[in-house]
1. Can you give me the relative contact order of chain C as a percent, contacts being Cα pairs under 8 Å and 6 or more apart?
2. Tell me, what HN-Hα J-couplings in whole Hz come from the Karplus equation 6.51 cos²θ - 1.76 cosθ + 1.60 at θ = phi - 60° for each residue of region D:153-159, using x for Gly and Pro?
3. Please list, by residue number, everything in region D:116-141 whose backbone N is under 18 Å from a paramagnetic label point 7 Å out along Cα→Cβ of D:Thr226.
4. For D:Ala140 and A:Glu8, what does the FRET efficiency come to when R0 = 30 Å and r is the distance between their Cβ atoms, rounded to the nearest 0.05?
5. May I ask you to give the solvent-accessible area per residue for region A:1-155, in square angstrom, as obtained with a 1.4 angstrom probe?
6. Take B:Arg20, A:Arg219 and sort them by solvent-accessible surface of the protein heavy atoms, 1.4 Å probe, largest at the top.
7. What residue among B:Leu83, B:Gly69, B:Thr159 has its Cα farthest toward the positive end of the dipole of chain B, where the charges are +1 on Lys, Arg and -1 on Asp, Glu, each on the Cβ?
8. Pull up all non-local amide H partners of C:Thr26: gap of 5 or more, or a different chain, and H-to-H distance under 5 Å with H placed in the peptide plane.
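The values are calculated or read from the model by the stated rules, or taken from the named source; none is laboratory data. Everything numeric here is computed off the predicted structure, so don't read it as measured data. Note that each Cβ is placed from the backbone with ideal geometry, even for glycine, and that neighbours are counted across all protein chains shown. Note: accessible area is taken over every heavy atom of the protein model, side chains too, but ligands, DNA and RNA are not part of it. Shrake-Rupley method; radii C 1.70, N 1.55, O 1.52, S 1.80 Å.
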Protein chains: 4
Amino acid sequence: MLLTALREEVWQANLELVRRGLAIFTFGNASGISREDGLVAIKPSGVPYETMRPEDLVVTTLDGRVVEGDLRPSSDLATHLVLYRAFGAIGGVVHTHARYSTAWAQAGREIPCLGTTHADTFYGPVPVTPPLEAAQIEGAYEENTGLAIVECFRGLDPTEMQAALVAGHGPFCWGKSAADAAHNAVLLEEVARMAWLALALNPGAPPISSALLNKHFRRKHGPGATYGQK
Amino acid sequence: MLLTALREEVWQANLELVRRGLAIFTFGNASGISREDGLVAIKPSGVPYETMRPEDLVVTTLDGRVVEGDLRPSSDLATHLVLYRAFGAIGGVVHTHARYSTAWAQAGREIPCLGTTHADTFYGPVPVTPPLEAAQIEGAYEENTGLAIVECFRGLDPTEMQAALVAGHGPFCWGKSAADAAHNAVLLEEVARMAWLALALNPGAPPISSALLNKHFRRKHGPGATYGQK
Amino acid sequence: MLLTALREEVWQANLELVRRGLAIFTFGNASGISREDGLVAIKPSGVPYETMRPEDLVVTTLDGRVVEGDLRPSSDLATHLVLYRAFGAIGGVVHTHARYSTAWAQAGREIPCLGTTHADTFYGPVPVTPPLEAAQIEGAYEENTGLAIVECFRGLDPTEMQAALVAGHGPFCWGKSAADAAHNAVLLEEVARMAWLALALNPGAPPISSALLNKHFRRKHGPGATYGQK
Amino acid sequence: MLLTALREEVWQANLELVRRGLAIFTFGNASGISREDGLVAIKPSGVPYETMRPEDLVVTTLDGRVVEGDLRPSSDLATHLVLYRAFGAIGGVVHTHARYSTAWAQAGREIPCLGTTHADTFYGPVPVTPPLEAAQIEGAYEENTGLAIVECFRGLDPTEMQAALVAGHGPFCWGKSAADAAHNAVLLEEVARMAWLALALNPGAPPISSALLNKHFRRKHGPGATYGQK
């Protein structure tokens, strides 16, 4: 079997979505890529987390040809593949319908950076795509979903903003690996929830200053990071 | 004992309401029908989930005559029976007082389709009945509750919209089986919650486009469905 | 030891508050009364639920004299006693700082009867006292808290409305027994939560009709009740 | 190894944050001080709670020199040290990103004292600092965070108000010990949540009277306390 370590990691990333309360039933999906092999392992479509095994994952090429696996891949495969092709530095993608993240997507609002919890992980407001046009939906819908994310990342660095909301749909997150993408999906839900709570108290709450954003993001990310054990 | 397989399935559907946090104490009830036999199995009235056994379910005809069971049937039996008579394709009915679904019913508002999570299961806004009139309440109340749902489904296909809110009361859901009805009750609560959260962020959030509604509903339902493993 | 059966029941009622998420740390307290003996058993003050045993409960007369127990009784004892003296039909009292019930008390608002979940247990809006005056607080505060509840029950039947909110404080519930009072405290929190959620969707949501209130309350209470197994 | 009892207590205080739902991943940190030794034990930076052991804690002097421990101390160490130096009576400090407490901090609002649950622990509104200026952030940020708290405590007694919100960041709590600080962090989250819920019902809800605030705070704190077992 191909890519057993990647399968194991992607399988765990999928299970993490359930453990953290981000997915019920068959909601959500995680994938990971082996850049050396140009192959992606992704959750099969509509398979319950409870019975899914690493060998149930589907392995495809970057253009979506299945090279291993008896099951159909996640219906969101094409979205994942667009992100892998456009964002060359990422190693994993996660899509969820987590409650607060999805609420922001359904409201069509970016998540403003209201605090340091947000700034520790996401470098600025988490962007939201515009609603897809009928033509984008009726055509190659899943691919167009990915392209809408990429379009809305012009001017943004996908290694510093590892999440996007698709309007009327929900969040896609990514990271250095499938595990990292799942970690970011948990953090996104947490900051989505805190921002939701804060705006109820103060609808005009301003974003934190760029000085505070930079301080917190740079404590944890990049060459000057001081957080954690090195 | 009649219908042991149906009893088992209906029993499990009732327990699922507790497992998923949709029912406390003796709240809620699930039933299932054997169309061949013209018999319905339903939860007994006011019996705790913790001690209820498949043999405690009550079996009745479609006009409510008990044919097996020592206990009284759920006080909502007559509502279930109206739905089975009116919606010939359904195999199970579930009623809950789940928090978010009930909040929408108490607010007297239909649940708008604000996102793809909703569209994956419910084909459009989840309708809410008007408040029942005093005469409807003081007469055959439980039957009239069912008739109010049926009345509000004129023009709707109960296989594509498998839920209704009864104003000032709560949700009724149905499906191909009791298990399917319980599954829909869980999904209704989930989308009720997401829509609630989204409207707090944007009270004027528009429903998703019909193109997006169709795309998601048809990915999962009907002859062109591509979701899951076939 | 006096009243071992009552002690056991009151102990269980106290533990139920923790199991149902109505109390953290040493918050909340439950008591029960033996009307034949004129004796009340109540939780000791500030003792953690984890280590409390039935024999730790304090037994007092109706005027608050401790007749058994080495520990101090709950600081809210005097409030419980006022309720036992004023409402001769009740057998148990529960006080909590449960989140939604307390939020209504802090907002100084009665809980309107927005749905049948509410009407199944509470016959109309759950009343809230006015804020206590400084003189009431600086005097016999706990007793005055009980008197404020009794005052606000003029015209109400405490067997049909088994809960009150004390403004700026929280809920007191009662019932036929300590277990019943705890059961009502759980139901109060549930309807407090649903009403909270519903008003966010529709701040002007009207109460249900008196026809619907009567139908649901009378299905479960009084001589014409049909709910459950008799 | 130095201060094994303190290490054990601080370790437990850190774990309490996870058990009570106040911290996910590596969020939050607790410390404790031995006033006799002038030494502080604090959580190491970015170490998961699941694997952290008492011997992983870092022991420092009050000016931040590490005297024992192979790991880096929490990035918030300097904030803790400012509080220990300014508030001579405190024995433990806890910082979290708990959801409701943080929401108030992100909204830039003090938490008003809307009820007795609040008054039982916090003597008045829980203060919030002003946003830090760019110069404070780009300089000794963590130390300046502590100084902002101290500045906003002019006229407040840190033994009667054992919590502060840092604007755009989150809560810091303290107490007689690390365990007490963690206990206060749990209580702060609880009252932050209740006040949040209450204001949604009544945005103009007034604080409780000073008579009620005094009654409840003094029942539990100071020489006249009557709550609990003495």
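1. 22 percent.
2. Result, rounded to whole Hz: 9, 4, x, 10, 9, x, 8.
3. Only D:116-117, D:119-121 pass the distance filter.
4. So, using R0 = 30 Å, E works out to roughly 0.10.
5. Working: 5670 Å² over 155 residues.
Each residue of region A:1-155 exposes 37 Å² on average to a 1.4 Å probe.
6. Putting B:Arg20, A:Arg219 in descending order of accessible area: B:Arg20, A:Arg219.
7. In chain B, that residue is B:Thr159.
8. none
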